[in-house]
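Visitor: This is the structure, below, for whatever I ask next.
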Amino acid sequence: MARIYANENFPLPTVEVLRELGHDVLTTLESGKAGQAISDEDVLTYADDTERVLVTLNRKHFIRLHIDGRKHHGIIACTFDANFNALAHRIHAALEAQSELSGQLVRINRPA
């Protein structure tokens, strides 16, 4: 299963389901970095330094960092979905479909 770093804006109910599915998920709060206005660049660096895939709802900024060539262990950029369980299962399926996430950008979109 994947080692994941959940960005500060990522919904805790989705984190909890991902954990139930067997993923090792560290939240920004648990890392002691919540409420500090840490830059997106530093968030991505922390995830990379701890060898975790970053999962975020902040798609625009992290997709830009990926395009700019920033080193990372993977970025999962999600659209918001109030069905937190379904979001977690889409992330889980995407993780299982990827053999290697390092340096990869995965987009998880809410179904229409």
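Read the figures in this text as sums done on the coordinates, not as results from a lab. No experiment lies behind these values; they were computed from the predicted model shown. Note: ideal-geometry Cβ built from the backbone for every residue, glycine included; neighbour counts use all protein chains shown.
Visitor: GluC sites (Glu not before Pro) within the stretch 15-51: which are DSSP loop residues with at most 16 other Cβ atoms inside 10 Å?
Guide: Here the GluC sites (Glu not before Pro) that fit, given the DSSP loop and packing criteria, are 30, 51.
Visitor: Please report, in Å, the Rg and the Dmax of the stretch 21-74, where both are computed over Cα atoms only.
Guide: Rg then Dmax for the stretch 21-74, in Å: 11.2, 32.
Visitor: Which log10 I(q)/I(0) values does the stretch 3-108 give at q = 0.14, 0.21, 0.23 Å⁻¹ under the Debye formula, counting every alpha carbon as one identical point scatterer?
Guide: -0.46, -1.12, -1.37
Visitor: Toward the positive end of the charge dipole of the chain, about the Cα centre and with charges on Cβ (Lys, Arg +1; Asp, Glu -1), which of 108, 44, 1 goes farthest?
Guide: So the residue furthest toward the plus end is 108.
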